[in-house]
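A short reminder: the numbers here are calculations on the coordinates, not readings from a lab. All values reported here derive from a predicted model rather than from experimental measurement. Neighbour counts run over all protein chains shown; Cβ positions are idealised from the backbone, glycine included.
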């Protein structure tokens, strides 16, 4: 019994020494090109969404069309300030995904990539929705 306990103590002390000697791993967050691409492009799209709202939709006379359906026509009207919810939601999703991506980076890089790709596509769909709102309101 003593022999196995001594052997176990030696193994544990060797593992601790090996862990101390290993150099610190570099942060994979921005080293991976696909992660870097989506982390940089998603906030650029969100900034574009904010600019579209402030330049194109807020200056329009009220009420503006907030939702349009091809079958039923105008469903929802409101002020240009109500459209601020869309880029704010995009910014919230990006910040949440940034936090989750950093959290999951240590566990699985694939999950991190999926999170940042989702953030990018959410902001891309947001730009498309804003472009549709602008086109409906500018005629």
*Going by a ≥ b ≥ c, the root eigenvalues of the Cα gyration tensor, does the stretch 30-126 fall in the rounded group (a/c under 1.5), the prolate group (a/b larger than b/c) or the oblate group?*
prolate
*Protection-proxy order for peptides 103-111, 36-44, 117-125, each taking the mean of Cβ atoms within 10 Å per residue, highest first*: 117-125, 36-44, 103-111
*For the stretch 70-139, what class follows from the C-alpha gyration tensor (a ≥ b ≥ c being the square roots of its eigenvalues): rounded when a/c is under 1.5, otherwise prolate if a/b is larger than b/c, else oblate?*
prolate
*Kindly identify the stretch 77-116 as rounded, prolate or oblate by the Cα gyration tensor criterion: order the square roots of the eigenvalues as a ≥ b ≥ c, call it rounded if a/c is under 1.5, otherwise compare a/b with b/c, prolate if a/b is larger, else oblate.*
prolate
*Relative contact order for the stretch 31-86 using alpha-carbon pairs under 8 Å, separation at least 6, rounded to a whole percent?*
28
